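A quick write-up on the structure given underneath.
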Amino acid sequence: MTALSQPSATVPIRIRFARGVDALRQEWLRSLIMIAAVLVVGGLVLYPLGILFNIGLRTEDGALTLANYRSVLTEPGLVSALINSLIVSAATTVLSLVIALPMAWAVARTAMPGRQLLRVAVLIAFVIPNFISVIAWILLLGPNAGLINVFLRDTFGIAGAFNIYSMSGLILVLTFSFYPLIFFAVTAALDNMDPAYEEAAQMAGASAWRASLGVTMPLVLPAVLSASVFVFLEAMGAFGAPAAIGHGARFHTLTTKIYELFSYPPRFELAAAAAAPIIGFTVFGLLLQRVVLRGRRFTIIGGKRGAARAVDLGRGRWLLSGWCMLVVFVSVVLPLVILVRTSLMARWGLAFSWQNLTLRNYASFASGSTIVPTAFLNSALISAVVASACVVLGMIVVWIVERTSLPGRGLLTFASTVTFAFPGVALAVGFVLGFSAEPFDLFGTIWLFFIAFTAHRFPFAFMFLRNSVKQLSSEMEEAGRVCGASWARALVDISAPLIKSGLLAAWMVVFAVTLRELSMAILLYVPGTETLPIAIYSFIDNGTFEIAAALSVVLILLSIAAMLALRWLTGKAHMEL
Amino acid sequence: MRALLRILAGLMLSVSAASLGRAQPAIPTLDQLYQAAKAEGQVVFGGAIKEENQQKLAAVFQQRFPGIAIKYTRRSTEPMVQLVEAERRANRVSFDLLNLTEPGDVVRWTKQGFLAAVPMPDTDKMLPETFDPNGYSIALSVTPMLGIYSTKALKPGEPPTSLKVLVTDPKWKGKVVISRPTRGGTSSGALMNVVNAVGRDFIKSARERDILLTLGNEAAIASVVSGERAVSWGVSGYRAIEAKAEGSPIELIVWDEGLALAQFIGVVPAKAPHPNAARLLLRWMMTPEGQELLVKTVNQYSARKDVAVTPLAQPPLSALKINAFSNEKIVSEGHALAVEFDKAVGM
């Protein structure tokens, strides 16, 4: 790292502030862009959260009180829900690491066959909406009628081998939904990394294995750690799967408990207060990252990036290949087969026979009486706009955090990540309250979707881009500046191409998570602003699982199409997601 | 002194008479409401009726009352109430007319003064306990909370017909699925119906009975359709009737002890942006014409006793043993039962 990029904790705050003011003076355009970005991020995130925090401080009559925050400890079931969330999130994170790390390494550093296919398969696992995949898993692992259990019972006489209605069932579903986050982050880091480091180790006599374990993995530690924090927080904030499985298994997680506090009768004050621990965990995750990575050097992208030499695994390639295939089969093929199978059935509860096969569910989308065409267009538009906004904004904010000594970077980092695990329904309440009156009367418009989803999903872009920038040496950028390039030009023409893989990964991940976003949309939509998850939810709510499944398949295809379009637009030789 | 007392008594009588006069205003005709609604031009309607069914209703309404557009949002009760509550805090009311399934919210809103009274004619022709005498709410339609069983899991003759057998016979342990009773919701009504039939003590053994809980009626029906569980003691009847008609492998159970009735309640917020259009739509839906159309499109029963048509040729409500619980009873007793049930099963 350069001196500029070193956030000097030992320098007095007075001097750091003075440096910041100097920096602001020196380049007004850069300063203007940065101030605008800080205001946008701060406004997007802190405004609705402030509204919620304020609600938590009020009685129903509007008087100030701390009783709601105290009640978080005494409300029946809240503490146990919190403990359940911690257990589920920790287990999901550990399992995701176990699954994703070998896969990411195999894809980025070996000659294992089918690597590009594996990248696509993992993306599919990620884009299957959580509230859909959980239905698929219930149909697969329901103790009595789950297809796998029925197969084991009828073939081997093993009854009730798996029970999806359990905490381990929930951990399984969440793991298969979230391990792609670690996979994406680590493959992006490995793709970005200059292979010279590993080659140097090998030239010094280290085996390929040893070079990978001793040199590569430590260098991608920031990506591993931040992705682990991702997964932990994402599991903390998950709602669809915990709601479906938790009821059956008779336990609450923090999000299902908070959702309950928003219902029958809604206790907004207590619900807002109950969301506070999630902010605490986000802050804890950030601090943990900071402590673990303090003083370590991770700049591994220079200007002489070349292709990494593939590690020869020998017989181990079959073992690794088998592992990857197993994971893809379980996390992608099985739920996808269930979805496609259901989408082709005239009536899903009946046998899968020729008489029960139809394409009617897909044809029904064209009907003028459904919201599907509108939802399709809205989802594509919202996801593209939000992904683009998050990446552009994220790039600027990450630059401020990682490449400047401006004061308040800690607060900016907090604002950029705090919504990560925040329950969507709670955040949506903040947006409804904050954007229902002048001067921000945007409720009922698609603009509120842009704003709310950007606020909720910005942490993905921030963390992905931060990983990339952490790896990037500032020498190239500084050389450009010395040659007369402006800050913006150096950023766009030099640094951005060097972390192209990270940029694309961030865009795709934000696009995918926005495309499947339901918990906020369900409160924000009005006629004309429905999204695909809203349409899918409506079909499930109507009992038409077949059409919901067909629409889920369409949603997955849309995600893949977006990825291919992005590849075509950027002219990439291979997919780097 | 006596003269003064007489004057005071006279004044009090006058005030009382005036109050009574306000409590029982003249009920406007549909035509009067239509004339007033014309200036508003639209009604914003929210509820759980499917889009395509609502479009059928809207087509007839707009033919009958040209110039009044229906702007409809389909949202199930839970997120609808969350949205309405969030809007209330922002001093905003978007909806003119709401159709909800949870009596708890309606009772609460009535007490809080959030709702407008819509005086209704012909209340003598309505089913008992389906309307508020003060006009703050009325069931647009009703459906029995029917028992269902999986024809894949059970052979003819096997399914139970008695709630008492279902919740006491060891044979049915681990075979039952229900939508988790919420505080003052329709599933609480179904739970009340079981308590009504077998007594409150059964709740204590609910955990041992290994009852599968789901989030919402649809998931409970899906569980029976898939064969995951064999029986449910009470799901939203109209959905069960539809699922059966569409060929799902389920059959309906009318319990020997009777069925609870779920209501689809219509309410108009006091600050509705288009109050006359809202009243007009609500009043029209409660006419025999509106009710017949509602039954045919949404497959729920009419809340009027004088409408003979039934959903998908099902027997009339009069042929079923119905245990009618008022909204207030479901809220007060249902809430307590739901809490007790949650505790018993370990939620």
Likely footprinting exposure, B:GLU85, A:GLU517, fewest C-beta neighbours within 10 Å first: B:GLU85, A:GLU517
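What percent antiparallel are the DSSP beta bridges of the protein assembly as shown, to the nearest 5?
On the way: 25 of 42 bridges.
Given both bridge residues lie in the protein assembly as shown, the antiparallel proportion sits at roughly 60 percent.
Given chain B, what percent of its DSSP beta bridges are antiparallel, to the nearest 5?
60 percent
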Pick out, from A:PRO373, A:GLY146, A:HIS252, the residue whose Cα sits farthest towards the positive end of the charge dipole of the stretch A:23-570, with +1 on the Cβ of Lys and Arg and -1 on the Cβ of Asp and Glu. A:GLY146
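Take the alpha-carbon positions of chain A, form their convex hull, and give its projected area averaged over all directions (one quarter of the hull surface) in nm². Intermediate values should be presented prior to the final figure.
Values: hull surface 116.8 nm².
Hull-based average projected area comes out at 29.2 nm².
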Mind ranking A:438-451, A:374-387, A:230-243 by how tightly packed they are, going by the mean number of other C-beta atoms within 10 angstrom, highest first? A:230-243, A:374-387, A:438-451
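Quick check on packing: order A:155-164, A:98-107, A:121-130 by the mean number of other C-beta atoms within 10 Å, highest mean leading.
Details: A:155-164: 13.7, A:98-107: 22.1, A:121-130: 23.6.
The packing order, highest mean first, is A:121-130, A:98-107, A:155-164.
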Going by amide H atoms built from the backbone, whose H comes under 5 Å of the H on B:ILE322, apart from near neighbours? B:LEU259
Debye, to nearest 20: dipole size of the protein assembly as shown, +1 on Lys, Arg Cβ, -1 on Asp, Glu Cβ: 1440 debye
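Report, as an integer, the average count of C-beta atoms from other chains found within 10 Å of each Cβ along A:542-552.
Numbers: counts 10, 14, 5, 4, 0, 0, 0, 0, 0, 0, 0.
Mean inter-chain Cβ contacts per residue within 10 Å come to 3.
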What is the local net charge at B:ARG64, summed over the other residues whose Cβ is closer than 14 Å to its Cβ (Lys, Arg +1; Asp, Glu -1)? 0
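Average partner chain C-beta neighbours within 10 Å, per residue of A:139-146? Before the final figure, lay out each step's value.
Numbers: counts 3, 0, 0, 6, 4, 11, 10, 3.
Average neighbour count from other chains, rounded to a whole number: 5.
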Checking the cross-link filter: which lysines have an alpha carbon closer than 25 Å to that of A:LYS500, excluding same-chain neighbours under 8 positions apart? A:LYS304, A:LYS470, A:LYS572
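Hey, any idea what the orientation-averaged projected area of the convex hull of chain B's Cα atoms comes to, in nm²? Could you put the intermediate results ahead of the total?
Details: hull surface 85.1 nm².
Projected area, direction-averaged: 21.3 nm².
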Counting partner chain Cβ atoms within 10 Å of every residue's Cβ in B:221-227, what's the average? 6
What are the aspartates and glutamates whose alpha-carbon lies under 13 Å from the alpha-carbon of B:LYS50, with same-chain residues fewer than 8 places away excluded? A:ASP541, B:GLU242
For B:ILE250, the residues 5 or more places away or on another chain with a placed amide H closer than 5 Å to its own amide H are B:THR151
Diffing the stretch B:227-242: the Karplus 3J(HN,Hα) column from phi (6.51, -1.76, 1.60, θ = phi - 60°), in whole Hz with x for Gly and Pro, holds x, 4, 10, 7, 9, 10, 7, x, 10, 4, x, 5, 6, 5, 4, 5
Residue-normalised 222 nm signal for chain B, counting each DSSP H run of n ≥ 4 as -39,500 (n - 2.57), nearest 500 deg cm²/dmol, is -12000 deg cm²/dmol
Let me check I've understood the local charge: for B:LEU213, count other residues with C-beta under 12 angstrom from its C-beta, Lys and Arg +1, Asp and Glu -1. What total comes out? +3
Only helices at least 30 Å long along their own axis, judged from Cα atoms, and with Kyte-Doolittle mean hydropathy of 0.0 or greater: name those in chain A from DSSP H. A:28-56, A:78-109, A:167-192, A:372-403, A:446-471, A:545-570
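State which entries of B:LYS56/B:LYS296; B:LYS164/B:LYS329; B:LYS173/B:LYS204; B:LYS175/B:LYS204; B:LYS111/B:LYS271; B:LYS152/B:LYS175 exceed 20 angstrom in Cα-Cα distance in the structure shown. Write out the running numbers ahead of the final one.
Details: B:LYS56/B:LYS296 10 Å; B:LYS164/B:LYS329 22 Å; B:LYS173/B:LYS204 14 Å; B:LYS175/B:LYS204 18 Å; B:LYS111/B:LYS271 15 Å; B:LYS152/B:LYS175 13 Å.
Correct reply: B:LYS164/B:LYS329.
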At 222 nm, what helix-only mean residue ellipticity would chain A give, in deg cm²/dmol to the nearest 500, using -39500 (n - 2.57) for each DSSP H run of four or more? -21500 deg cm²/dmol
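What is the magnitude of the charge dipole of the stretch A:19-146 about its Cα centre, with +1 placed on the Cβ of each Lys and Arg, -1 on the Cβ of each Asp and Glu, and no other charges, expressed in debye to the nearest 20?
Values: 8 positive and 5 negative charges, 117 e Å.
In debye, rounded to 20, the stretch A:19-146 gives about 560.
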For A:VAL554, B:VAL142, which order do you get if you count the other beta carbons within 10 Å of each Cβ and list the fewest first? A:VAL554, B:VAL142
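Just rank B:ILE27, A:ILE138, B:ILE203, fewest to most, by other beta-carbon atoms within 10 angstrom.
Details: B:ILE27 14, A:ILE138 26, B:ILE203 21.
Starting with the residue having the fewest Cβ neighbours, the order is B:ILE27, B:ILE203, A:ILE138.
Read-outs: derived from the displayed coordinates by stated rules, not from any lab. Keep in mind that this is a model prediction, so the values were computed, not measured. Please note: Cβ atoms are built from the backbone with ideal geometry, for glycine as well, and neighbour counts cover all protein chains shown.
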